[in-house]
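Each remark here refers to the structure printed beneath this line.
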Amino acid sequence: MRYATRFAPSPTGPLHLGHAFSALTAARRAEAHGGTFLLRIEDGDISRCRPEWEALIYADLRWLGLSWPEPVLHVTAREAIYASALSRLDELGLIYPCSCTRRDVMNALSAPQEGAPMGPDGVIYPGTCRVRSMATFVEGEAIRLNMAKAVAYLGDVSKFSWEETGPFETGTQRLDAARLVEGVGDIVLARKDIGTAAYHLSVVLDDAAQGITEAVRGVDLMEATQIHRLLQALLDLPEIAYHHHDLIRDENDKRLAKRTDAKAIRKFREEGYSPEDVRKMIGL
Ligand code: GLU
């Protein structure tokens, strides 16, 4: 299978040095493997995405010297695919509707003052709506995966593995039933506030559609990989490899966020830095 990877930014703000590092790392791995570097615009959260940020993504990446095949895949164009994946999971009886707000979730935790149990998506859902079936779904509600049922459906989940080559872990990783049920829980697959697939569902379907063989992304998503491998198994999607790279931090050792414009690629461009200067700043 020919190597293919992708850079999948969300157009919710200007790209910063951390994005430059991620995109260039992905493009270099594609080049080293004689494969393809693809772009995908993760514009699923329509409340936060803006066309001007998308235009800036293209300009910044081109300035860095990157190119990619057109057309670029957009999450917003793939509603029907996500809906059919949800129908499949519904047929298997693995999803349920959820009307809980963040406050409901916190109130339902037995001892929130002792620190709520955290998973890759934040607080682990206490299961309030788990008794509900999709027949009771009301337009606008979120949809969750019943993790215990999903794990039971797959049987021995340790047979589902993936290759990790990042600086933090290397080698074959395997799904672990207890870690999924207790450490991840019933994740959201569709969100009421944005009316579309949540990231975990779209990312596995989009990686499969783009023929991605290795996802290159930040280490902040390493814990989410078990969710992605699980969804690939449930939806009969191909197994892919993962490379989680370190995050670029600011002078105070804090992760760069899109909100802090200080490290925006655009700013360096406007101030007369060259792409080589930016590459040096991030050690590439
Ligand atoms: N859109 C995600 C982000 O900007 C990338 C997710 C991924 O690479 O899997 O963090």
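Every number here is computed from the coordinates shown, using simple stated rules; none is lab data. Only a predicted model underlies this, so the values are computations on that prediction, with no experimental measurement involved. Counting neighbours? That spans all protein chains shown, and the Cβs are built from the backbone with ideal geometry, glycine included.
Just the Cα atoms of the range 64-169: what Rg and Dmax do they give in Å?
18.3, 52
Just to check I understand the Karplus step: with θ = phi - 60° and J = 6.51 cos²θ - 1.76 cosθ + 1.60, what whole-Hz values come out for the range 230-242, glycine and proline as x?
4, 5, 4, 5, 5, 9, 6, 9, x, 6, 10, 8, 10
Please list, ordered by chain and number, the residues whose modelled amide H lies under 5 Å from the amide H of residue 215; skip anything fewer than 5 residues away on the same chain.
241, 242, 243
Cut-off under 15 Å on the C-alpha distance; same-chain residues fewer than 8 positions from residue 149 excluded. Which aspartates and glutamates are left, in chain and number order?
90, 91, 176, 182, 186
What is the set of long-range amide H partners of residue 16 at a cut-off below 5 Å, with H atoms built 1.01 Å from backbone N?
Those qualifying (amide H under 5 Å, at least 5 residues apart or on another chain) are 265.
Whole-Hz ³J(HN,Hα) for each residue in the range 80-96, computed from phi via Karplus 6.51 cos²θ - 1.76 cosθ + 1.60 with θ = phi - 60°, x for glycine and proline: what do you get?
Calculated HN-Hα couplings, in order: 5, 5, 5, 4, 6, 5, 5, 4, 5, 5, 5, 4, 7, x, 9, 10, 8 Hz.
Going by a 4.7 Å Cβ-Cβ cut-off, which cysteines of the chain have no partner at all?
49, 100
Semi-axes of the equivalent ellipsoid for the range 142-284, please: Cα gyration tensor eigenvalues, times 5, square-rooted, ordered largest first, whole Å. Don't skip to the end; give the middle numbers.
Details: eigenvalues 222, 66, 41 Å².
After scaling each eigenvalue by five and taking roots: 33, 18, 14 Å.
Using Cα pairs closer than 8 Å and at least 6 residues apart in sequence, work out the relative contact order for the chain, in percent.
Working: 457 pairs, mean separation 68.4, N = 284.
Reported as a whole number, the value is 24 percent.
Would you please classify the overall shape of the range 110-161 from the alpha carbon gyration tensor, given that a ≥ b ≥ c denote the square roots of the eigenvalues, rounded means a/c under 1.5, and beyond that prolate means a/b larger than b/c while oblate covers the rest? The partial results should precede the final answer.
Values: a/c = 2.20, a/b = 1.07, b/c = 2.06.
It is oblate, given that a/c is not under 1.5 and a/b is not larger than b/c.
Rounded, prolate or oblate, given the Cα gyration tensor of the range 131-175, with a/c below 1.5 counting as rounded? If you can, show how the numbers build up before the last one.
Working: a/c = 5.45, a/b = 2.16, b/c = 2.53.
Since a/c reaches 1.5 but b/c is at least a/b, the shape of the range 131-175 is classed as oblate.
Under the rule a/c < 1.5 gives rounded, and otherwise a/b versus b/c splits prolate from oblate, where does the chain land using the Cα gyration tensor? Could the numbers behind the result be given before it?
Values: a/c = 1.72, a/b = 1.55, b/c = 1.11.
Note, shape of the chain comes out prolate.
How many angstrom lie between the Cα centre of the range 211-230 and the Cα centre of the range 28-102?
The distance from the Cα centre of the range 211-230 to that of the range 28-102 comes to 14 Å.
State, as an integer percentage, the relative contact order of the range 36-99 based on alpha-carbon contacts under 8 Å between residues 6 or more apart.
The value is 43 percent.
When the helices in the chain are scored as -39500 (n - 2.57) per DSSP H run of 4 or longer and the sum is shared across all residues, what 222 nm value do you end up with, to the nearest 500 deg cm²/dmol?
On the way: 10 runs with 98 residues, N = 284.
Per the formula, -10000 deg cm²/dmol.
Which residues make up the longest stretch of the chain that has no GluC sites (Glu not before Pro) in a DSSP loop with at most 16 other Cβ atoms within 10 Å?
Numbers: sites that count: 139, 169, 223, 239, 251, 271.
Here the longest segment lacking exposed loop sites spans 1-138.
Say a site is exposed when it is one of the trypsin sites (Lys or Arg not before Pro), sits in a DSSP loop, and has at most 11 other Cβ atoms within 10 Å; what is then the longest site-free stretch of the chain? Write out the running numbers ahead of the final one.
Values: sites that count: 2, 254, 259.
Excluding the exposed sites themselves, the longest stretch runs over 3-253.
Most fluctuating residue of 121, 253, 43 in a GNM of the chain with Cα springs under 10 Å: which is it?
In the Gaussian network model the winner is 253.
Given a cut-off of under 8 Å on Cα pairs at least six residues apart, what relative contact order in percent is computed for the range 9-121?
On the way: 77 pairs, mean separation 29.7, N = 113.
Taking the mean separation of contacting Cα pairs over the length of the range 9-121, I get 26 percent.
Among DSSP bridges having both ends in the chain, what percentage is antiparallel? Round to the nearest 5. Write down the numbers at each step before the final one.
On the way: 16 of 28 bridges.
Counting DSSP beta bridges with both partners in the chain, the antiparallel share is about 55 percent.
Amide H of residue 144 versus every other amide H placed in the peptide plane: which residues, excluding those fewer than 5 positions away on the same chain, fall under 5 Å?
Here 96, 98, 189 satisfy the definition.
Take every DSSP beta bridge with both residues inside the range 4-157 and express the antiparallel ones as a percent of the total, to the nearest 5.
On the way: 6 of 12 bridges.
The antiparallel proportion sits near 50 percent.
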